[in-house]
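Enquirer: Dropping the structure in here first, questions after.
The values are calculated or read from the model by the stated rules, or taken from the named source; none is laboratory data. Everything numeric here is computed off the predicted structure, so don't read it as measured data. These area figures cover heavy atoms from the full protein model, side chains too; ligands, DNA and RNA do not enter into them. Shrake-Rupley method; radii C 1.70, N 1.55, O 1.52, S 1.80 Å.
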Amino acid sequence: MLVKTKAIVISSLKYHEKSLIVKCLTQSDGLKSYFVPNAFSARKSNQKIAYFQPLSILEIEANHKNKGTLEHFKEIRLAHAYQTVSSNIAKSSIAIFLSEIIHHCLHEEEKNEALFEFLESALLWFDAHDEMSNFHLILMLEMTKFLGFYPDTSEISLGFFDSKEGVFSTFQGTNCFSEHETFLFKKLIALKFDSDQKVFSGSERQMLLKILLQYYAAHLDGFKKPKSLEVLREIFA
């Protein structure tokens, strides 16, 4: 089946010397994996290796056989040529980190157009703005809306957040964040991408990243901490 759709690159894995296996979140069909033969060959000008950088937004034409095997691109072009993500070391590190997060979250080939549209608009905002210290934190929290475990904020005034149940609690149970962690978590819930970036200190961002990863691990079977986590910690130290 020939499909034309937008796609966000989640991961790319070198296969043998010249080829790639590329995983994308497509707008039309959800998660799809593609085999790109001779991706490193200059002759394959329509399948440039630069297209497959983490979180690149593509417009693709592809043959989807939907048999659980690797699919194949017919045509590829950038839907949006990033102006800052690839050239800014902090932004490119965030993109690598978030692509790993998404890679560990999504496993099923199910259409999720709402998630795709959220990620696309968030990435375009990210590319267009210089102040982005909290971007990865806000995106991770907002993504839980589409993954099914966004915090229940109906009793947000309570002092502790139970990460397993996803609710705020009067008492600090076994799975609860500390009072200070809960306070920071509440501040994060109230933020938008264009909110004041100086609302957290570097150490507070580190703490929020730690508890967000704990929250993901509590709700996603087999969730792994990204390999790029230490790089991100160094950047926002």
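Enquirer: Quick query: amide H of E71 versus all other amide H atoms, modeled in the peptide plane; which residues come in under 5 Å with a sequence gap of 5 or more or a different chain?
Expert: Close amide H contacts, sequence-distant or interchain: S33, Y34, F35.
Enquirer: Probe 1.4 Å, all protein chains in place: accessible area of L184 in Å², nearest 10?
Expert: My reading of the accessible area for L184 is about 0 Å².
Enquirer: Right, another one. Hey, can you find the accessible area per residue of segment 1-105 for me, probe 1.4 Å, expressed in square angstrom? If you can, show how the numbers build up before the last one.
Expert: Numbers: 5130 Å² over 105 residues.
Dividing the accessible area of segment 1-105 by its residue count gives 49 Å².
Enquirer: Taking only Cα atoms, what is the 0 to 90° angle, nearest 10, from helix 89-105's long axis to the longest principal axis of the chain?
Expert: 90 degrees
Enquirer: Given the rule -39500 (n - 2.57) for each run of at least 4 DSSP H residues, summed and divided by the residues of the chain, what is its mean residue ellipticity at 222 nm, to the nearest 500 deg cm²/dmol?
Expert: Numbers: 6 runs with 82 residues, N = 237.
Estimated from H runs of four or more residues: -11000 deg cm²/dmol.
Enquirer: Tell me the angle of helix 202-219 to the major Cα principal axis of the chain, expressed in degrees between 0 and 90 and rounded to the nearest ten.
Expert: 70 degrees
Enquirer: Next up: Once phi is turned into ³J(HN,Hα) by the Karplus curve 6.51 cos²θ - 1.76 cosθ + 1.60 with θ = phi - 60°, what whole-Hz value does each residue of segment 24-30 show in order, with x for glycine and proline?
Expert: 10, 8, 9, 5, 7, 9, x
Enquirer: Another question about this same structure. If you roll a 1.4 Å probe over the chain with all protein chains in place, what percent of the accessible area is carbon or sulfur?
Expert: On the chain, the fraction of accessible area on carbon and sulfur atoms equals 51 percent.
Enquirer: How big, on average over all directions, is the shadow cast by the Cα convex hull of the chain, in nm²?
Expert: The number I arrive at for the chain is 13.3 nm².
Enquirer: Could you identify which residue out of D29, D162, D194 has the top mean-square fluctuation in a GNM of the chain using Cα springs shorter than 10 Å?
Expert: D194
Enquirer: With N set to the number of residues, divide the alpha-carbon radius of gyration of segment 89-185 by 2.2 N^0.38 Å and report two decimals.
Expert: Numbers: Rg = 15.5 Å, N = 97, 2.2 N^0.38 = 12.5 Å.
Here the Cα radius of gyration is 1.24 times the empirical estimate.
Enquirer: Moving on. With all protein chains present, calculate the accessible area of K224 using a 1.4 Å probe and round the result to the nearest 10 Å².
Expert: Accessible surface of K224 is approximately 130 Å².
Enquirer: Would you mind checking K48/K224; K74/K145; K67/K164; K23/K186; K145/K186 for any pair whose Cα atoms are more than 24 angstrom apart? Walk me through the numbers on the way to the answer.
Expert: Working: K48/K224 30 Å; K74/K145 33 Å; K67/K164 36 Å; K23/K186 34 Å; K145/K186 16 Å.
Correct reply: K48/K224; K74/K145; K67/K164; K23/K186.
Enquirer: Could you state the angle between the C-alpha long axis of helix 179-189 and the longest principal axis of the C-alpha atoms of the chain, as a value from 0 to 90 degrees rounded to the nearest 10?
Expert: Roughly 50 degrees between the two axes.
Enquirer: Based only on Cα atoms, what mean projected area does the convex hull of segment 69-119 have, in nm²?
Expert: Details: hull surface 20.0 nm².
Orientation-averaged projected area of the Cα hull: 5.0 nm².
Enquirer: If you don't mind, another one. Kindly sort Y51, Y215 by accessible area of their heavy atoms, largest first, with the probe set to 1.4 Å.
Expert: Y51, Y215
Enquirer: Choose one answer from V167, V36, V85: the residue with the largest mean-square fluctuation in a GNM of the chain with alpha-carbon springs under 10 Å.
Expert: Looking only at V167, V36, V85, the biggest GNM fluctuation is shown by V167.
Enquirer: Enter the accessible area per residue of segment 145-204 (Å², integer; probe 1.4 Å; all protein chains in place).
Expert: On the way: 3400 Å² over 60 residues.
Accessible area per residue: 57 Å².
Enquirer: On average, how much area does the Cα convex hull of segment 1-137 cover when viewed from any direction, in nm²?
Expert: Working: hull surface 32.4 nm².
The directionally averaged projection comes out at 8.1 nm².
Enquirer: How big is D for segment 119-237, in µm² s⁻¹ as a whole number, if Stokes-Einstein is applied with the Kirkwood radius of its Cα pairs at 4 °C and 1.567 mPa s?
Expert: Here the translational diffusion coefficient equals 87 µm²/s.
Enquirer: Counting only the heavy atoms of the protein chains, how much of I21 is accessible to a 1.4 Å probe, in Å² to the nearest 10?
Expert: For I21, the solvent-accessible surface is approximately 50 Å².
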